[in-house]
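Engineer: Structure provided below as structure tokens; questions to follow.
The values are calculated or read from the model by the stated rules, or taken from the named source; none is laboratory data. If you're wondering where the values come from, they're calculated on a predicted model, not measured in any experiment. Quick reminder, even Gly has a Cβ in these numbers, built from the backbone with ideal geometry, and neighbours come from all protein chains shown.
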There are 2 protein chains.
Amino acid sequence: MDLAEIHAAFRRIAPYTHRTPLLTSRLLDALLGKRLLLKAEHLQKTGSFKARGALSKALTLENPKGLLALSSGNHAQGVAYAARVLGVKALLVMPEDASPFKKAAARAYGAEVVDRGVTVENREAVAQALLQETGYAFLHPFDDPLVAAGQGTVGLELWAQAGKRGVFPEAVLAPVGGGGLLAGIATAIKALSPTTRVYGVEPVGADDARQSLLKGEIVRLAEPPKTRADGVRTLSLGRFTFPILREKVDGIFAVSEEAILEAERLLFTRTKQVVEPTGALPLAAVLEHGASLPETLALVLSGGNRDFSP
Amino acid sequence: MDLAEIHAAFRRIAPYTHRTPLLTSRLLDALLGKRLLLKAEHLQKTGSFKARGALSKALTLENPKGLLALSSGNHAQGVAYAARVLGVKALLVMPEDASPFKKAAARAYGAEVVDRGVTVENREAVAQALLQETGYAFLHPFDDPLVAAGQGTVGLELWAQAGKRGVFPEAVLAPVGGGGLLAGIATAIKALSPTTRVYGVEPVGADDARQSLLKGEIVRLAEPPKTRADGVRTLSLGRFTFPILREKVDGIFAVSEEAILEAERLLFTRTKQVVEPTGALPLAAVLEHGASLPETLALVLSGGNRDFSP
């Protein structure tokens, strides 16, 4: 994956995605002593950046009969949306005990949810059987060059939007789960501005990416981590994403659950934006590791799909 | 109060306020069968339109020693902010049992909160005594031409922003409590476009404005109404605002608590915006009275100051 492939992904997906705004907040800047540019992917189609990757891949398929994914999160909605754009069916394999809220969200986008008798253990086998039966195309949530190139368009856009304002971020921070978003953004940013640092952010209890970069090999968590940030509960980086992060990313910050909650609260009360816990990870890193970070920062607010509580 | 006074208010406050964006949502439009323009006053300085009115009045005072207000809500923050702009002190008289969250918000803006021994019953007497003692200027939350002219700048701005997109709203909907916002907006809109309808929205349990317009005289609620929409718990319209509403407003919609909650939920989950219950009133009217409303509507999201719950 290189900058040209991210440009190509941008051309594919542009008609079906938003150029999400780059928000600023003088209140947050004054509070934190930084200059923050907030890339508002919570305002993206389907409420997260996942629509970009799913579309980027789906739009390269030749006459697909349908799309199939294993996900109960934002990737599910991205795939459902991509299927609607293509005018084909989406099959989403989710554990029977996945949140009814998330199943409903996927169905609202017109996808069919397969959950009868599905568990975390057997879901890959269920998906494999369904792929053979239906002939649908499988969309991996992150470990695919075309998906990661789609997510990389976030970096492309934010760099252009910052430049238009005459601002050049010294560092870009994005959440890291499987690494598709971070690999895409790092590829874009390092090609456009090699001196700009690119950092991933993950919860302390799910710091497999940090450990993997330190150890020089993929470290896999023993079990799904407990963290508010449900978008980065992935057990490990992918075989495709890991070498890219190793080459291009300057470091991974691990943040506490308290810092994630405080970052969500700041975004909610100060910027009046609904951002999900995963989307608040980069701001949590500014709260907890601000002293190690330069002044001008672009933070990727990756998504906004959280339940409404009155 | 006329359009020229609203223009003058705009010139006074423009350096210290945001031109808040006019948001659109294809999802909401498709869901409701309308074309909605959302005037985002939850993104205004202090998190609500109240900063406009407070500044509009405060900036006409000659060398004030300080500002004093009776409020535990958004007006308090507006006055605190106006005092900071002027470089003078703000005194806010609040009942001792007002929410600590709201007291903290006022203090965060640099205001002094007077609450020791203050009750809903004695607070006007407390304020009167403080005014004599301090010589500060009193800022009424709504029943003042300069305050209402400040709130009217919301109408001025939204009309210009809509026009820039080639959209001319057939109706404008705003919350109504004491009537300052609605009087200001109706004055601006009816001067700019006499055929555009202007409606107020209030909760069914606090429908004094609706009753007042029907009866042709100010109807006063017997006690503070119970409603989620804490910004419109005012007992009655003002002597200044009532005749303006009577002359210029096309009607008042009363909405149920269920509709308010559903409107908040829609704004939260579909537009990812944090809007307080009062700010969701206009959308609640579209949910409950959509059939009586034209297609192209401007809705004033009046504020976004709500508590964060994880």
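Engineer: Where in the stretch A:1-106 are there strands (runs of 3 or more DSSP E), lying fully within it, with 2 or more residues that are within 14 Å of chain B (Cβ to nearest Cβ) and crowded, with 24+ Cβ neighbours inside 10 Å?
Structural biologist: Hits in the stretch A:1-106: A:35-40.
Engineer: While we're on this one: Given the criteria surrounded by fewer than 16 Cβ atoms within 10 Å (Cβ to Cβ) and not basic (Lys, Arg), does residue B:142 qualify?
Structural biologist: So residue B:142 does not fit the description; no.
Engineer: Considering only the stretch A:133-152, I want to know if a residue exists there that is outside any helix (DSSP H, G or I), among the aliphatic types (A, V, I, L, M) and within 15 Å of residue A:46 (Cβ to Cβ).
Structural biologist: Checked the stretch A:133-152: at least one residue is outside any helix (DSSP H, G or I), among the aliphatic types (A, V, I, L, M) and within 15 Å of residue A:46 (Cβ to Cβ).
Engineer: Taking residue B:186 as the residue in question, decide whether it is among the hydrophobic types (A, V, I, L, M, F, W, C) and closer than 22 Å to residue B:74 by Cα.
Structural biologist: yes
Yes or no, residue by residue, for (1) within 30 Å of residue A:306 (Cα to Cα); (2) of a type outside the set (Asp, Glu); (3) modelled with pLDDT under 95:
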{"site": "B:213", "(1), (2), (3)": "no, yes, no"}
{"site": "B:225", "(1), (2), (3)": "no, yes, yes"}
{"site": "B:234", "(1), (2), (3)": "no, yes, yes"}
{"site": "B:240", "(1), (2), (3)": "no, yes, no"}
{"site": "B:249", "(1), (2), (3)": "no, yes, no"}
{"site": "B:258", "(1), (2), (3)": "yes, no, no"}
{"site": "B:266", "(1), (2), (3)": "yes, yes, no"}
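Engineer: What tally of residues in the stretch B:209-236 results from selecting those that are in contact (Cβ under 8 Å) with a residue 60 or more places away in the chain and touching a helix residue (DSSP H, G or I) at 6+ places or on another chain (Cβ under 6 Å)?
Structural biologist: 1
Engineer: Here's another thing I want to ask about it. Report yes if some residue within the stretch A:116-125 is farther than 26 Å from residue A:13 by Cβ, of a type outside the set (S, T, N, Q), buried (at least 18 other Cβ atoms within 10 Å of the Cβ) and more than 20 Å from the chain's Cα centre (by Cα); otherwise report no.
Structural biologist: Taking every residue of the stretch A:116-125 in turn, at least one turns out to be farther than 26 Å from residue A:13 by Cβ, of a type outside the set (S, T, N, Q), buried (at least 18 other Cβ atoms within 10 Å of the Cβ) and more than 20 Å from the chain's Cα centre (by Cα).
Engineer: Could I ask something else about it? Which residue pairs have Cβ atoms closer than 7 Å, lie 6 or more positions apart in sequence or on different chains, and pair a first residue in the stretch B:115-126 that is within 10 Å of residue B:93 (Cα to Cα) with a second residue that is among the basic types (Lys, Arg)?
Structural biologist: B:115/B:103
Engineer: With the structure loaded, tell me whether residue B:25 is of a type in the set (S, T, N, Q) and in the same structural domain as residue B:126 (by TED's automatic domain parsing) or whether it fails that test.
Structural biologist: When the stated conditions are applied, residue B:25 does not pass them.
Engineer: Do the conditions hold for residue B:232, that is, is it under 30 Å from residue A:77 (Cα atoms) and more than 14 Å from chain A (Cβ to nearest Cβ)?
Structural biologist: For residue B:232, the condition - under 30 Å from residue A:77 (Cα atoms) and more than 14 Å from chain A (Cβ to nearest Cβ) - is not met.
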